[in-house]
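Read through the structure below, which is laid out as structure tokens, and then see the notes.
The values are calculated or read from the model by the stated rules, or taken from the named source; none is laboratory data. This structure is a prediction, so every number in the text was calculated from the model and none was measured. Please note: Cβ atoms are built from the backbone with ideal geometry, for glycine as well, and neighbour counts cover all protein chains shown. Just so you know, the surface numbers come from the protein's heavy atoms only, side chains and all, with ligands and any DNA or RNA stripped out. Shrake-Rupley method; radii C 1.70, N 1.55, O 1.52, S 1.80 Å.
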Amino acid sequence: MKCRVCGSALRSSITDLPFKVSDRTIVILKDLPVEQCEACSEYLIEDGVFAKVEALLSGVDASVELEIIPFAA
């Protein structure tokens, strides 16, 4: 697969990503599987992984400012 930004190759990678779920709440998902560009570091989250990300984020307590959640595939 090629990067939609620069056209370089994407490779499977594991990374930690932040998600802003409300005005005050940020969630960091640890060990998230992504496809990452070798040149510009742009990333792509596959549909199945993103469905699980959405499920995890929907259960977050919005009163907490920062939450760190391990992603378990």
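If a residue has to be touching a Ser or Thr at 6+ places or on another chain (Cβ under 6 Å) and not hydrophobic (A, V, I, L, M, F, W, C) to count, how many in segment 36-64 make the cut?
Qualifying residue count for the region: 2.
Out of all the residues in segment 6-39, which are open to solvent by 60 Å² or more (accessible area, probe 1.4 Å), within 25 Å of A62 (Cβ to Cβ) and part of a strand (DSSP E or B)?
Result: D16, P18, K20, I26, K30, D31.
Can you tell me how many residues within segment 40-71 are part of a loop (DSSP other than H, G, I, E, B), open to solvent by less than 60 Å² (accessible area, probe 1.4 Å) and of a type in the set (A, V, I, L, M)?
Result for segment 40-71: 3.
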